[in-house]
Each structure stands twice: as structure tokens, then as C-alpha cells.
1. Would you confirm whether any residue within the stretch 108-117 is among the hydroxyl-bearing types (Ser, Thr, Tyr) and modelled with pLDDT of 95 or more?
2. Of all residues in the stretch 26-45 being over 17 Å from TYR119 (Cβ atoms) and modelled with pLDDT of 70 or more, which is surrounded by the fewest Cβ atoms within 10 Å (Cβ to Cβ)?
3. Which members of the stretch 104-122 meet the condition of being more than 25 Å from THR137 (Cβ to Cβ) and either surrounded by fewer than 20 Cβ atoms within 10 Å (Cβ to Cβ) or among the β-branched types (Val, Ile, Thr) (or both)?
4. Take the stretch 109-126 and flag every residue that is over 21 Å from THR39 (Cα atoms) and either aliphatic (A, V, I, L, M) or in a loop (DSSP other than H, G, I, E, B) (or both).
5. Picking from GLN83, GLN87, which residue would you name as being in contact with a Gly (Cβ under 9 Å, 6 or more places away or on another chain) and either of a type in the set (Gly, Ala, Ser) or under 22 Å from SER60 (Cα atoms) (or both)?
6. Check every one of the strands (runs of 3 or more DSSP E) wholly within the stretch 39-85 and list those with 3 or more residues that are out of contact with any His (no Cβ under 9 Å at 6 or more places or on another chain) and either over 15 Å from ILE108 (Cα atoms) or touching a residue at least 40 places away in the same chain (Cβ under 8 Å) (or both).
7. Taking the stretch 86-98 as the region of interest, how many residues are aromatic (Phe, Trp, Tyr) and in contact (Cβ under 8 Å) with a residue 60 or more places away in the chain?
8. If ARG101 passes every condition in (1) under 15 Å from TYR119 (Cβ atoms); (2) surrounded by fewer than 12 Cβ atoms within 10 Å (Cβ to Cβ); (3) free of Cβ contacts under 8 Å to residues at least 60 places away in the same chain but one, which one does it miss?
Amino acid sequence: MNRRNFIQVVSAGTLFGLLGVKNSSASEDQFGAGSFYYTEKSPGRWHQKVAGHIPHFEVSGESLKIVTGHEMNGYEHYIVKHQLFDQNFNLIAEKMFDPVRDKAAVSIHPLSGLSGKIYAVSVCNKHDNWVNSLNLT
């Protein structure tokens with residue numbers, strides 16, 4: 001499987017895991033948190049990797065900044081992309097990173113039209129998919 005197909009499969013899997021949470025009253029752990037995708041509360045096998053992999057939100061005026069505090073170590077180890085989903089798990093935006101050119105995993109998105117709960121996914125080439133959410137008022 002080539003790299004592009006792998007990333008698409010992993011991203012689709014993350015969305016599947018999130019949709020499972022949406023369509024059930026069961027806990028997030030039953031749908032892969034801690035094994036299929038990772039959260040701050042369910043880091044699974046990567047429990048020592050939370051700080052550098054969980055995406056964080058910064059709201060300023062009409063902009064939403066997503067930051068993952070992971071070093072960009074060339075193609076050896078880096079954040080591949082950020083994905084932003086709305087409360088219904090529709091993909092709003094996606095930013096691919098170039099680990100040679102980009103010194104940090106930062107993406108900026110307009111807040112206009114967003115409300116409710118949003119989700120950010122940070123994809124690491126070695127440590128899988130990390131999900132965080134933010135409730136917009």
C-alpha cells in the first residue's frame with residue numbers, strides 16, 4: 001500500500017471511530033479510543049506520547065488555530081496533517097504538512113459558520129491519530 005492510500009485509510013478509520021461515538025450512547029472506549037485513535041484520556045499504548053501528539057485549540061477573534069506540539073523531524077517522524085470536523089463529523093478542512101518546510105504543526109481556520117462541538121485530528125506518521133474536541137459557544 002502506498003503512503004497516500006495508507007493515510008486515506010487511516011483518516012477514514014478515524015472518522016469511522018468518531019461516527020461510532022456519535023451514533024451510540026456507549027462510551028468512547030468501545031469505539032476505538034485508546035486503540036484505533038487516541039485521546040488525552042485514552043492514549044492507549046502511546047500513554048507517554050500525549051503531550052506531543054494531542055491537537056490543541058487556540059481561538060482568537062474569527063480564527064481557530066490548531067497546534068500540535070510535535071517536532072517536525074523530517075520524514076523520519078512528523079505530523080502528517082490536521083483535519084477539522086464539525087459536530088456531525090463532516091470534514092471542514094484539512095492541512096497537510098511538509099516536514100522539511102514546516103517547522104511546526106500549525107493550521108489556521110476561519111470560525112465563521114462553525115458552532116457546537118468541533119473535532120481536530122492530528123495524524124502522526126509513527127504514533128497514529130489523535131483526537132481532541134472543543135465546544136464553541
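The values are calculated or read from the model by the stated rules, or taken from the named source; none is laboratory data. Source: prediction; values computed, not measured. Cβ placement follows ideal geometry from the backbone for every residue including glycine, while neighbour counts extend to all protein chains displayed.
1. no
2. Across the stretch 26-45, the extreme among qualifying residues is ARG45.
3. ALA104
4. Answer for the stretch 109-126, where residues must be over 21 Å from THR39 (Cα atoms) and either aliphatic (A, V, I, L, M) or in a loop (DSSP other than H, G, I, E, B) (or both): LEU111, SER112, GLY113, LEU114, SER115.
5. The unique qualifying residue is GLN87.
6. 56-60, 79-85
7. The qualifying residues number 1.
8. Here ARG101 meets the rest and fails (1).
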